[in-house]
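The values are calculated or read from the model by the stated rules, or taken from the named source; none is laboratory data. Note that the structure is predicted; figures quoted are calculated from it, not measured. Methodologically, a virtual Cβ is constructed for each residue, glycine included, from the backbone with ideal geometry; neighbour enumeration extends over all protein chains shown.
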Amino acid sequence: MSGQGREHRREERAGNEPSAGTPGAHVRRVLLTVHTGRHDIVELARTSAARLMAGGITVRLLAEEADDLAIDGAEVVPGDEKAACDAEIVMVFGGDGTFLRAAELARYTDAALMGVNLGRVGFLAETEPEAVEETLSAIERCLYRVEERLALQVDVLDRDGDVVGGTWALNEVSVEKAERSRVLDVVLAIDGRPLTSFGCDGVLCATPTGSTAYAFSAGGPVVWPDVEALLLVPSNAHALFARPLVTSPNSVLTVAVPPDGNTARVSADGRRVVEIPDGGRVDVRRAERPVRIARVHASTFGDRLVAKFGLPVRGFRDARHLGPGHELFTSRTVLSRDVVTGDGRVLDADADTHIDGDVGADVVAGEVGGAGTRDDG
């Protein structure tokens, strides 16, 4: 399984084990990957590194970031495929772009990715800046779990069926037209069987993790990360049947480009590009190696959806009383219409209950015993 359905938990070290500073003891390493273009991110990375090193953990930096971070006592390594070797965690300070860059470094190691979101949305990151101390404490005590997320393996073949290139992706693979002024003609096949053909701007093959990224913008479904599946999402297709598709995780998704059509290329996570030969095709399947993501907090994927998109969590009848922008204040649940307070307590709507709080408390308290009962239509 992938995602949250397949978790590994690091347990706290026993008190009689040697510390990291003891000769012969296992040295714990954390590789930092940082968006160094912002001063606040650099400062947070520095203070976090100091906290980790004070706890006996070795901090490792990428050579291209070391001068900007200027962290004394840190290891410095080249930013290549060996950067995360022997590291326990790759800790990411930045947005989803920085996280995807870090995923490249951890790809062929056992290191788990742990992100501190300092971008605009940050679906991949585990921690917001205000919870960094809690996250660092969990790393020190090995109190985190590791999710294995499904990744994609991509093979690019020429018209003779020979593999001429390849790559991988955590979020999505985009088969794109090379010339913006022309439509891209494609033929889609699932498990070697032709399905349909049309003209389009491109076709996305995505993972559940990537369902909230490019595929989401193209009209694809939101898929919980513990669901094992592959997604195929056409982009601006000229066809009546061009719906997003969800297939088995063991399927092979094929996007073929006719030899007399527009030239095309593959973009993986927006970071790696492979050209598609004329008349060639792209085969996308589940990768053998998943991506490991470390989690500390108990929030669910649904919680993150609500927080990231500011989703209303009340029925429209309740929302009208406080107006837009107050969806997360004291309210009623949509199903039971019980009152949910800001601290998560659930109060029976039929009880004679006084609700404390300065925003909308009088209105909601009045509804409990008045017009807003379970019997209203």
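Tell me whether region 259-268 contains one or more residues that are within 20 Å of the chain's Cα centre (by Cα) and in contact (Cβ under 8 Å) with a residue 60 or more places away in the chain. Looking through region 259-268, at least one residue is within 20 Å of the chain's Cα centre (by Cα) and in contact (Cβ under 8 Å) with a residue 60 or more places away in the chain.
Among the residues making up region 77-104, those that are within 18 Å of GLU148 (Cα to Cα), among the small types (Gly, Ala, Ser) and assigned to a helix (DSSP H, G or I) are ALA102, ALA103. Filtered by the rule that a residue be charged (D, E, K, R) and modelled with pLDDT of 95 or more, region 290-305 gives a lone residue, ARG292. Every test in (1) outside the structural domain of LEU253 (by TED's automatic domain parsing); (2) at pLDDT below 95 is passed by ALA112 save one, and that test is (2).
For ARG46, the conditions (1) closer than 23 Å to ALA169 by Cβ; (2) surrounded by fewer than 23 Cβ atoms within 10 Å (Cβ to Cβ) all hold with the exception of (1). Filtering region 269-310 to residues that are without any contact (Cβ under 8 Å) to a residue 12 or more places away in the chain and either crowded, with 19+ Cβ neighbours inside 10 Å or assigned to a strand (DSSP E or B) (or both) leaves only VAL273.
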